[in-house]
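Input: a single structure, listed below in structure tokens.
The values are calculated or read from the model by the stated rules, or taken from the named source; none is laboratory data. Everything numeric here is computed off the predicted structure, so don't read it as measured data. Cβ placement follows ideal geometry from the backbone for every residue including glycine, while neighbour counts extend to all protein chains displayed. All accessible areas refer to the heavy atoms of the entire protein, side chains included, with ligands and DNA or RNA removed. Shrake-Rupley method; radii C 1.70, N 1.55, O 1.52, S 1.80 Å.
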Amino acid sequence: SSVKEGVQKALLHRPDIILMDFSLPDGTGLDATQMILDEFPECKIVFLTVYETDENLLKAVRLGAKGYMLKNVSGSSLLASLRGLAQGEIAMSRKMIGRLVQSTAQKHRRQKNSIIEKLSPREIDILFELQNGASNLEIAQKFFLSENTIKHHMHNLLEKLGVDNRRQAGEIARQMELKISNYSNLKK
């Protein structure tokens, strides 16, 4: 009935699966989950809740919950999901999985855009060339600039990206999928 009681019983009985409510009188199921998994990481915690928000779902998954189901789930669906935990599945409806995937994709796009917004148009040009393995001299020749100017831009680019070298910057560009098709949109 409380975070304190839940944690005590979990650590005493060490169950395979815990059905966790989100709202508890002395905290949240997130608090209990954190404490339980810190001491007993092999436990599978599944949230059974009325809260359908993406924020709660993401917090639960980040903490290590193996499932997140709404309380209006049928008994047979709940049992099937809990049995699936033994095969390494997660206990989550298709709708909730879809929301989790969508939220993760949106976060990736926001991170990509926030990195790009920090860069000048010339730094974006250089980053684009780095992903293709171009040297400072090759970049300088392509943009009709001196190699020293490229080095100056490179220094600023590395600093803004928080990386130590051009290889790491090129890897960031590849991870961001900085492609010719979306490159022209970034410069506008």
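So the values come out like this:
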| quantity | calculated |
| --- | --- |
| Size of electric dipole in the chain: Cβ of Lys, Arg +1 and of Asp, Glu -1, about Cα centre, debye, nearest 20 | 580 debye |
| Computed label-point distance, nm, for sites LEU70 and SER120 using a 7 Å Cα→Cβ extension | 5.2 nm |
| Residue pairs, from the table LYS59/LYS160; LYS9/LYS71; LYS66/LYS160, whose Cα atoms sit over 27 Å apart | LYS59/LYS160; LYS66/LYS160 |
| Heavy-atom accessible surface of the chain: percent carbon and sulfur, 1.4 Å | 53 percent |
| Neighbour-limited loop hits for chymotrypsin sites (Phe, Trp or Tyr not before Pro), region 79-165 (at most 16 other Cβ within 10 Å; DSSP other than H, G, I, E, B) | PHE144 |
| Helix axis angle, 54-63 relative to the chain longest principal axis, alpha carbon, degrees | 90 degrees |
| GluC sites (Glu not before Pro) lying in DSSP loop within region 1-48, provided at most 12 other Cβ fall within 10 Å | GLU42 |
| DSSP beta bridges in region 1-91 [antiparallel fraction, %, rounded to 5] | 20 percent |
| Shape category assigned to region 1-149 from the gyration tensor of Cα positions, a/c cut at 1.5 | prolate |
| Net lengthening on full extension, ASN165/THR53 (0.36 nm per residue, minus Cα-Cα) | 36.3 nm |
| Rounded accessible area per residue of region 117-160, 1.4 Å, Å² | 57 Å² |
| Sequence of SER23, SER2 from largest to smallest accessible area, 1.4 Å probe | SER23, SER2 |
| Simple spin-label estimate for GLN102 and ASP21 in nanometres, 7 Å along Cα-Cβ | 2.9 nm |
